[in-house]
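Please read the structure below before turning to the comments.
The values are calculated or read from the model by the stated rules, or taken from the named source; none is laboratory data. Remember, predicted model here, so these are calculated numbers, not experimental data. Methodologically, a virtual Cβ is constructed for each residue, glycine included, from the backbone with ideal geometry; neighbour enumeration extends over all protein chains shown. Keep in mind that these areas ignore ligands, DNA and RNA; they rest on the heavy atoms of the full protein, side chains included. Shrake-Rupley method; radii C 1.70, N 1.55, O 1.52, S 1.80 Å.
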Amino acid sequence: CMDFSKGNDLCSISYVAVNTHTKEKFWDCSAWISENTLHSNPNAALYRQWIEAGYLYVCPGSTIDERMVMDEINRVSEHVNFVQFGYDPFDSKTYVNNIQAWIVSRVQGRYFGSTLERYLKYVLQPVSQTFGSYNCACQMVYDDVFARERCVHLSSSPILPWAFGNAVLQESSDGQGNIKPLKRTANAKVDP
């Protein structure tokens, strides 16, 4: 799942890799911050530790270098097959165009015309930020975390557990039991 930023926040990609034989899952993430944002961010000391350890990437200037994001997607694709990309649709057009072009280059000669359009819609999914849209994802995470046999493994990156620690589940006020993760406080970061 991808949460894009133009540079005033973390830009992140979270991965869930599934071993098709054992059904075990491996969670990891990649994240970027612009150099200008890093200098003025209240989490700067923590972010610098992550940068030094190689978990957070810095883009020079005030914007996220979209090429760095695409380079990371390409690097990860050398180790796993991407099945779907979910993304927060807010202000994401440039990233979506880049990822669509990357996908098309990878399936060139296999899909054409309306078949290609359907394939792109399947592979690249906007994730609505409403309560009901998160029910399934929250249930899947719950099932994985509380499975009888351990099936989830986290990477060594400290960013994912930090983001989980910054989130709380809120139930909608409509009485339908819909839930979604929200920031614990206004300044918390939950991007991954």
Select from segment 71-102 the residues that are polar (S, T, N, Q) and farther than 17 Å from Tyr15 by Cα and write down the one among them that is nearest to the chain's Cα centre (by Cα). Ser92
Ser62 vs. criteria farther than 23 Å from Val141 by Cβ, hydroxyl-bearing (Ser, Thr, Tyr), without any contact (Cβ under 8 Å) to a residue 12 or more places away in the chain and open to solvent by 50 Å² or more (accessible area, probe 1.4 Å): no
Of the residues in segment 117-151, those that are of a type in the set (A, V, I, L, M) and either modelled with pLDDT under 90 or out of contact with any helix residue (DSSP H, G or I) (no Cβ under 7 Å at 6 or more places or on another chain) (or both) number 6
Of all residues being in contact with a Leu (Cβ under 8 Å, 6 or more places away or on another chain) and open to solvent by less than 40 Å² (accessible area, probe 1.4 Å) in segment 167-192, which is farthest from Ser30 (Cα to Cα)? Just the residue, please. Lys180
Of the conditions (1) at pLDDT below 95; (2) open to solvent by less than 20 Å² (accessible area, probe 1.4 Å); (3) in a helix (DSSP H, G or I); (4) not basic (Lys, Arg), Gly86 fails just one. Which one is it? (3)
Given (1) in a helix (DSSP H, G or I); (2) open to solvent by 50 Å² or more (accessible area, probe 1.4 Å), identify the lone condition not met by Asp91. (1)
Scanning for something within 20 Å of Ser30 (Cα to Cα), under 16 Å from the mean Cα position of the chain (by Cα) and in contact (Cβ under 8 Å) with a residue 24 or more places away in the chain, does segment 126-140 turn up at least one residue? yes
Any hit, segment 103-120, residues being part of a loop (DSSP other than H, G, I, E, B), under 16 Å from the mean Cα position of the chain (by Cα) and closer than 24 Å to Asn74 by Cα: no
Can you name the residue in segment 21-50 that is buried (at least 16 other Cβ atoms within 10 Å of the Cβ), among the hydrophobic types (A, V, I, L, M, F, W, C) and out of contact with any Cys (no Cβ under 8 Å at 6 or more places or on another chain) and is also nearest to Met2 (Cα to Cα) among such residues? Cys29
Does segment 129-143 contain at least one residue that is assigned to a loop (DSSP other than H, G, I, E, B), open to solvent by less than 50 Å² (accessible area, probe 1.4 Å) and out of contact with any Ser or Thr (no Cβ under 7 Å at 6 or more places or on another chain)? no
For segment 4-20, give me each residue that is open to solvent by less than 50 Å² (accessible area, probe 1.4 Å) and either closer than 16 Å to His79 by Cα or at pLDDT 90 or above (or both). Leu10, Cys11, Ser12, Ile13, Ser14, Tyr15, Ala17
